[in-house]
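Here's the structure we're looking at; comments come further down.
The values are calculated or read from the model by the stated rules, or taken from the named source; none is laboratory data. This structure is a prediction, so every number in the text was calculated from the model and none was measured. Because the Cβ atoms are built from the backbone with ideal geometry, glycine has one as well, and the counts that use them run over all protein chains shown.
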Amino acid sequence: MEFQPLYIAWALGFLALGLGVGALIFRSKAKKELEAARKEAERIFSEAQQAAENLKKDKLLEAKEEVLRLRSEFEKQQLQRQKQQEQNELRLKRLEQSLNQKQENYQRKEHELDQIRQNLNRQLELLSVKRSELEKQQQEYNNKLESIAKLTQQEAKAQLLESMKAQAQTEAMAYVKEAMDEARLRASKEAKKVIIQSIQRIAAEQSIENAVSTVHIDSDDVKGQIIGREGRNIRALEAATGVELIVDDTPETIVISCFDPVRREIARLALQRLIADGRIHPARIEEVVAKTRKQIEEHIVETGERTVVELGLHGMHPELIRLVGRMKFRSSYGQNLLQHSREVANLCAIMAAELGINPKLAKRAGLLHDIGKVSDEDPELSHALLGMKLAERFNESPAVCNAIGAHHDEIEMQYVISPIVQACDAISGARPGARREIAEQYIQRLKDLESLALSYDGVEKTYAIQAGRELRVIVEADKVSDAKADELAVLLAQRIQNEMTYPGQIKVTVIREKRAVSVAR
């Protein structure tokens, strides 16, 4: 117990000694760390100062380069401006020289014109003097002629006109005939121009009914879907089908306009399918139009094959069969071309059988006689010659080819079936009700044609044939000469053109026949 305070004192002494030693160690470490931190700070400051120096040098170099670049560009611009200024000055000098030269030329021409004007004035004075002298001489000459002929000037003119009237008429008719011959040579080309101009200027009912189809819709709200955003749907549909879509204020109706009936039918069916489907966008439009076109082509081929089988014809080229199917979508004066061709084929077969000719060949020619109307080749040719060309290409018999090409008298008929096809074509087109014309109007038009020709002297008989497309006039040979016959044909054609309304054209044929009859006893 006595040693307890001593131990405590020793312990406190050792503790103080340990604390002092720890403080010394801590102070030594702190000095070292402070020295290390100071060195690190000096190093960082030195690196930063070096980086700043490097950056300063880089910026100075960049600034110098930029100054040099700007100075170079400025010098280039100055050179360009100087060159441009020199060119402008040179151009101005040239213009000034040109203007000076033109001014000198104008002054010289003005001087020349003054001289010419003075000469003309002198010549006019001389002409006026000579004219007065000529008038006096003419008056004296007329007085001498009147005294010699014992006729006044007016009486002499009247006699001269009377004597030249017949000659003038004859020469006029000859001139008209020459003009008509020349017009026939140019008729095809001019007629096409007239037809095109007429179609462009007149929207006739015939054109509307054969060039327009309508699609019925349940609601006018569908029109907005068909048009699409900014019109993209209707443009896509028109581009895919080749028709014109008319979406106007007509309630629940969309109009499709196109002169090609096949494209118009494709557009009509495709539009109906798109409306029924409800999905109307450009990609869908192209898909539906492609499917519809394929189905229409299949339908055309099927129609052609069915027609050929029903008529009992075999061995026909597939392309001709396809063209026969296209006839279903073509009409002429309201008469369906396929029905017309079938009717002509049956009539040809009946007539050929009565005459003892091959009815199959005649039926084949009758079916194909208008095949040129549905072909897109050679628009310069008429449908008859184009049909003959197609038939020759697809190895049809020469008789069939000749019948097709000659059914409008464009080539010479070389086979017996050619006039049969021509007659049956006229029968099918001329029968009442076949084409868009009332029977009473049709009969009245034929009567008007015949009565118009009978109103002339010397006309014996008149016949309106080929559905009123040709007027044949038989005249008396004793009363009408050949020259009068030519004159009568021209006058009749002019009166028909001015006084009557008719489709197509009317051919006027004046027939003059001289018969010498004697009896042997």
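General remarks:
Yes or no, residue by residue, for (1) modelled with pLDDT under 85; (2) out of contact with any strand residue (DSSP E or B) (no Cβ under 7 Å at 6 or more places or on another chain); (3) part of a loop (DSSP other than H, G, I, E, B); (4) among the charged types (D, E, K, R):
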{"site": "Glu460", "(1), (2), (3), (4)": "no, no, no, yes"}
{"site": "Tyr463", "(1), (2), (3), (4)": "no, no, no, no"}
{"site": "Ala467", "(1), (2), (3), (4)": "yes, yes, yes, no"}
{"site": "Ala483", "(1), (2), (3), (4)": "yes, yes, no, no"}
{"site": "Ala489", "(1), (2), (3), (4)": "no, no, no, no"}
{"site": "Ala493", "(1), (2), (3), (4)": "no, no, no, no"}
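- Only one of the listed residues (Val490, Val475, Val459) is in contact (Cβ under 8 Å) with a residue 12 or more places away in the chain and in contact with a Phe, Trp or Tyr (Cβ under 9 Å, 6 or more places away or on another chain). That residue is Val475.
- The condition of being within 24 Å of Ile266 (Cβ to Cβ) and either of a type in the set (A, V, I, L, M) or crowded, with 23+ Cβ neighbours inside 10 Å (or both) holds for only one of Leu381, Leu338, that being Leu338.
- Any chance Glu75 is assigned to a helix (DSSP H, G or I), surrounded by 10 or more Cβ atoms within 10 Å (Cβ to Cβ) and under 60 Å from the mean Cα position of the chain (by Cα): yes
- Candidates are the residues of the stretch 355-378 that are more than 20 Å from Arg330 (Cβ to Cβ) and touching a residue at least 60 places away in the same chain (Cβ under 8 Å); the one that is surrounded by the most Cβ atoms within 10 Å (Cβ to Cβ) is Ile357.
- Going through (1) within 23 Å of His407 (Cα to Cα); (2) at pLDDT 85 or above one by one, Ala434 falls short only on (2).
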